[in-house]
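For reference, the structure is listed below as structure tokens.
Just so it is clear, none of the values below were taken in a lab; they were calculated from the coordinates. From a predicted model like this one, the values you see are computed outputs, not experimental measurements. Note that we place each Cβ from the backbone using ideal geometry, even for glycine, and neighbour counts take in every protein chain shown.
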Amino acid sequence: MDVFFFSLFAFIALICAINVVLQKHPISSALSLVGVMASLAVLYLMLGAEFVAMAQLIVYAGAIMVLFVFVIMLLNAGVEQHKGRSWVARLLGLPAFVALLGLLCYFVQRTFSGTGSVKFGDFTGGGALPIGAALFTDYLLPFEVTSVLILIAIVGAIVLARKEMD
Amino acid sequence: MEFLIITLVKLALITFVFMTALAYLQWVERKVIAHVQVRMGPSRVGPHGLLQPLADVIKLITKEGVLPPHVNTGYYLAAPFLAVFMALISISIIPFGTEINIPAFTVAGTTVGPIHTMMELANVNVGVLMILGVSGMGVYGIALAGWSSNNKYALLGGLRSSAQMISYELPMSLAIASPLLAAGTLSLRGIADSQAGYYLGFIPRWAIFQMPAPQILAFIIFMIAAFAETNRIPFDLPEAENELVAGFHVEYSSMTFAAFFMAEYANMVTVCSVGTLLFLGGWHPLWPASMGSNFVIPAILAGSGAICLYHGLNPARPFDRYTLPVFAAIFFGLAALMLYPPLVPVLTPLAWFLAKLAFLLFLFVWIRATLPRFRYDQLMSFAWKFLFPVALANLLITGFLVALVQ
């Protein structure tokens, strides 16, 4: 059952990810990205990371992608115009892709060679309580630094937006 | 296997009841608004217009679905179903009451074991987050409908809706977070259970009264944001008739049009259920059972039956002589059912939950009949400059008080 659902949602995630690149219309690409985020949330949920799954759904699929779609709709972006691909891209595209994939596989294999395969249902500490406890004890400094970083980003965004209004 | 069968039965039951309730919610809304405005409301189809929802459903199903030539067909057709889908998912994790225990019984020679089940489809231990996540996804239905219709009014409606839902999700999440601090869990059932019990033997420990930080302010903020999230008056800018014709669903007809209405009413029920569970103590009664709270709902039902019977015996209109006694019999029957001892532990919590839910839904209708619509800039500045800071301050004070007590 777990393997079936894993395969299903991994497949959906892959198809959606490929679709993001293949689609010509920005809205279609953005919605495919929503599909990727939602299937990722399901995969997190199956691995026992409930809080991360729901955060993925709320933050990425719910908030960030709604903003993407909103901006695309507001600018009323049409279908992309494709020019002919350059000969460099035609010649090197596939070999470069294969090389990248091979490198990724090699490094993943080398880094995680000692660990066994993941079993569904093994991990249960993915609720809000353990994550909150970890964030406010072991990882307090990174957490606070991240908040300051986000605050700086917000202030920066407001400064930029104000400049445009003058 | 037993789990599967029980779940399927519950699924069928909840779907049937919920769909019927959605259809009749519209009847209630029309009737209440009519009486607020001193009109009759629907009264032609069936006694007191009670068959009006059925007639509406038949009309909407059999009408021709017009597919305008200028729309983006795939998204145009997907949008209403996305909206309904997202609206209906949330109801699967709402607990309606405590638990059902059916002792073992024999059917056709085989013994069916004692059945013990909770009154919800799934108890998710991050239930509150799931509600927030799914309601956040619900905006895609409306935004896509507005965009794919290829119509300026629809596009404006869709844009307004997305902007409004993003803005009001913030104060709503902050208002939801405050009672969570006191409850210490994210499961909807756990939150409702944390509000059991009474202070001094009679003041309920509902979140809006709970020490050390009563959440009345958070409840008010939550309800205001809920109105905006469900696109209801006074925040129904996405479908403002006098500015946008009908907003995001201006190009929709027949079933696809009905789908948006269904999604709106389903969202209303979900958001009111969450409000009940988080702030009004779920199924816990207003005062303890030892002081007779089990008899309140049967008494209300019996009272309604008595009123119906009185008006049936002194009819104002000719057909009241036949319809009102039937209603009286139904009310008396329900009251008797609720007093039948084996059913009391199941029906009393359910009835209290439904009573609170009905009160909040009535609030929605009442406000629709009362308040005018906001202007768009007022809507945005209200969310960002008033609701958001107040919700944040409330969260801070709650966190401080909870930490102080522990």
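Remarks
- For the stretch B:63-72, the set of residues classified as touching a residue at least 12 places away in the same chain (Cβ under 8 Å) and surrounded by fewer than 13 Cβ atoms within 10 Å (Cβ to Cβ) consists of B:Glu64, B:Val66, B:His70, listed by residue number.
- Among (1) under 15 Å from B:Leu188 (Cα atoms); (2) in contact with a Leu (Cβ under 6 Å, 6 or more places away or on another chain) - the single one B:Gly141 does not satisfy: (1)
- Considering the conditions (1) touching a His at 6+ places or on another chain (Cβ under 6 Å); (2) surrounded by fewer than 22 Cβ atoms within 10 Å (Cβ to Cβ), B:Ser253 is excluded by exactly one of them, (1).
- When the residues of the stretch B:153-171 are filtered to those that are closer than 16 Å to B:Glu241 by Cβ and among the hydroxyl-bearing types (Ser, Thr, Tyr), the one that is surrounded by the most Cβ atoms within 10 Å (Cβ to Cβ) is B:Ser161.
- For the stretch B:132-143, filtering for residues that are over 17 Å from A:Val42 (Cα atoms) and at the interface with chain A (Cβ under 8 Å from one of its Cβ atoms) leaves 3.
- Failed item in (1) touching a residue at least 12 places away in the same chain (Cβ under 8 Å); (2) surrounded by 14 or more Cβ atoms within 10 Å (Cβ to Cβ); (3) closer than 30 Å to B:Leu170 by Cβ; (4) not β-branched (Val, Ile, Thr), with B:Pro372 passing the rest: (2)
- Test for A:Val52: is it without any contact (Cβ under 8 Å) to a residue 40 or more places away in the chain and in contact with a helix residue (DSSP H, G or I) (Cβ under 9 Å, 6 or more places away or on another chain): no
- A:Val42 vs. criteria within 14 Å of chain B (Cβ to nearest Cβ) and either acidic (Asp, Glu) or in contact (Cβ under 8 Å) with a residue 24 or more places away in the chain (or both): yes
- B:Phe235 meets all of the listed conditions (1) buried (at least 22 other Cβ atoms within 10 Å of the Cβ); (2) of a type in the set (A, V, I, L, M, F, W, C); (3) in a helix (DSSP H, G or I) but one, namely (3).
- Residue in the stretch B:301-308 that is under 30 Å from B:Ala266 (Cβ atoms) and surrounded by fewer than 18 Cβ atoms within 10 Å (Cβ to Cβ) present: yes
- Tally of residues being touching a helix residue (DSSP H, G or I) at 6+ places or on another chain (Cβ under 6 Å) and not in a helix (DSSP H, G or I) across the stretch B:186-209: 5
- Residues located in the stretch B:150-171, provided they are within 8 Å of chain A (Cβ to nearest Cβ) and not in a helix (DSSP H, G or I): none
- Members of the stretch A:48-58 found to be within 18 Å of A:Ser32 (Cβ to Cβ) and more than 7 Å from chain B (Cβ to nearest Cβ), listed by number: A:Gln56
- Residue under evaluation A:Ala63, criteria (1) over 19 Å from the mean Cα position of the chain (by Cα); (2) within 30 Å of B:Leu159 (Cβ to Cβ), criterion not met: (1)
- Scanning the stretch B:172-193 for residues that are crowded, with 21+ Cβ neighbours inside 10 Å and away from chain A (no Cβ under 14 Å) gives B:Ala175, B:Ser178, B:Pro179, B:Ala182, B:Arg189, B:Ala192.
- Selection count, the stretch A:20-58, where residues are part of a helix (DSSP H, G or I), of a type outside the set (A, V, I, L, M) and over 17 Å from A:Leu8 (Cα atoms): 6
- Among the residues listed as B:Leu180, B:Leu174, B:Leu170, the single one being touching a residue at least 12 places away in the same chain (Cβ under 8 Å), under 22 Å from B:Thr98 (Cα atoms) and among the hydrophobic types (A, V, I, L, M, F, W, C): B:Leu180
Yes or no, residue by residue, for (1) under 30 Å from B:Val126 (Cα atoms); (2) within 28 Å of the chain's Cα centre (by Cα):
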| site | (1), (2) |
| --- | --- |
| B:Lys59 | no, yes |
| B:Gly74 | no, no |
| B:Ala78 | yes, yes |
| B:Ile91 | yes, yes |
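- Qualifying residue in the stretch A:154-164 (condition: surrounded by 10 or more Cβ atoms within 10 Å (Cβ to Cβ), under 24 Å from A:Tyr44 (Cβ atoms) and of a type in the set (A, V, I, L, M)): no
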